[in-house]
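Asker: Before we start, here is the structure in question, set down as structure tokens.
None of the figures in this text is laboratory data; all of them are computed from the coordinates on show. For clarity, every value in this text was computed on a predicted model and none was experimentally measured. Glycine also receives a Cβ, built like all others from the backbone with ideal geometry; neighbour counts cover every protein chain displayed.
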Amino acid sequence: MKLISWNIDSLNAALTSESPRALLSRAVIDTLVAEDADIIAIQETKLSATGPTKKHLEVLHSYFPDYLTTWRSSVEPARKGYAGTMFLYKKTLPEPQITYPEIGAPSTMDSEGRIITLEFEHFFVTQVYTPNAGDGLKRLAERQGWDEKYALYLAQLDSQKPVLATGDYNVAHKEIDLANPTSNRQSPGFTDEERQGFTNLLAKGFTDTFRHLHGDVPHAYTWWAQRSKTSKINNTGWRIDYWLTSERLADKVSKSDMIDSGSRQDHTPIVLEINL
């Protein structure tokens, strides 16, 4: 199987806008079409509570005619047009059982459309858009609560059958996972608390497949800040998007890597190939 994950940072903008950034996003979508993955996980769709419009679905179908879609949006009392996730999966796959789990997370996090899980006969595929700790780390305590609940949720899935878990985890786990660790000690996504949360998640029986295959290769990132015009040119990035698997599946992974998104800053897609 081939699976891809991408934080798109607004599905509407990517599909309907004519801005320079939207054109770069559509170039990435063209790349994903060529990849011909079995499953595509998309985070930060930023759609309304009613989900994709008829226009969105028409455009998606023009790119991905052989796929079915399922989505989850932020709903009240959470902010509108915020977060959100979507799966595209091939019609030729066995029909999965789809769940939109709530994990007992703090604040409005369970209402923000952050997790979708596909259950197949012998394994789960689940994606997450992990909450950001926020400017000034104002959401750090809630983020720690999320990390704890999410780790318990993944462990509960893993107790039933093996898991492929992906998404924007909003944390660079080790110093090697970002270009400037020293100056980012208290930045959202690189606090000791968030890094420990990710360590705790892996300790429940999960493998970071990129490091499993590539070891301590440096300068490998999945996100470059849009606010800095030179972040991608200079490769001052962060690795915050992951494909995780249950430990017992790790040696079945043949590829875990980034997909080139050209000059587009923000997130780049990541791909997993696994012999299931």
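Asker: Taking the Cα centre as origin and putting +1 on Lys and Arg beta-carbons and -1 on Asp and Glu beta-carbons, what dipole magnitude results for segment 204-276, to the nearest 20 debye?
Answerer: Numbers: 10 positive and 9 negative charges, 50 e Å.
Roughly 240 debye for segment 204-276.
Asker: Additional query: So for the chain, averaging the separation of alpha carbon pairs under 8 Å that are six or more residues apart and normalising by length, what relative contact order in percent results?
Answerer: 17 percent
Asker: Could you give the length gained by full extension between K204 and N235, i.e. 0.36 nm per residue of separation minus their alpha carbon distance, to one decimal place?
Answerer: Result: 8.0 nm gained on full extension.
Asker: Charges at C-beta only: +1 for Lys and Arg, -1 for Asp and Glu. How large is the resulting dipole of segment 136-248 about its Cα centre, in Debye rounded to 20?
Answerer: Dipole size: approximately 320 debye.
Asker: Quick query: amide H of D168 versus all other amide H atoms, modeled in the peptide plane; which residues come in under 5 Å with a sequence gap of 5 or more or a different chain?
Answerer: V128, T130
Asker: Now, a different point. Kindly list the residues of segment 226-270 that lie in the label zone of D30, defined by a backbone N under 14 Å from the point 7 Å along the Cα-to-C-beta vector.
Answerer: Zone members listed by number: 261-264.
Asker: Would you compute, from DSSP H runs of 4+ residues alone, the mean residue ellipticity of the chain at 222 nm, taking -39500 (n - 2.57) per run and dividing by the full residue count, rounded to the nearest 500?
Answerer: Computed ellipticity for the chain at 222 nm equals -7500 deg cm²/dmol.
Asker: Going 7 Å from the Cα of K90 in the Cα-to-Cβ direction, what parts of segment 11-31 have a backbone nitrogen less than 20 Å from that spot?
Answerer: Hits in segment 11-31 for K90 at 20 Å: 29-31.
Asker: Residue by residue through segment 78-85, which ³J(HN,Hα) values in whole Hz follow from phi under the Karplus form 6.51 cos²θ - 1.76 cosθ + 1.60 (θ = phi - 60°), with glycine and proline marked x?
Answerer: Rounded to whole hertz, the list is 6, 4, 7, x, 10, 6, x, 9.
Asker: With r as the distance between the Cβ atoms of S159 and S48 and R0 = 41 Å, compute the FRET efficiency 1/(1 + (r/R0)^6) and round to 0.05. Walk me through the numbers before you get to the answer.
Answerer: Details: r = 36 Å, r/R0 = 0.87.
Efficiency at R0 = 41 Å is approximately 0.70.
Asker: Considering the zone a paramagnetic label at K252 would reach in this model (a point 7 Å from Cα along the Cα-to-Cβ line), which residues of segment 107-133 have amide N under 18 Å from it?
Answerer: 118-127
Asker: How about segment 203-276: which trypsin sites (Lys or Arg not before Pro) there are in a DSSP loop, with at most 12 other Cβ atoms within 10 Å of their Cβ?
Answerer: Here the sparse-neighbourhood loop sites are R227, K229.
Asker: In whole angstrom, how far apart do the alpha carbon centroids of segment 192-252 and segment 32-107 sit?
Answerer: If you average the Cα positions of each part, the centres end up 23 Å apart.
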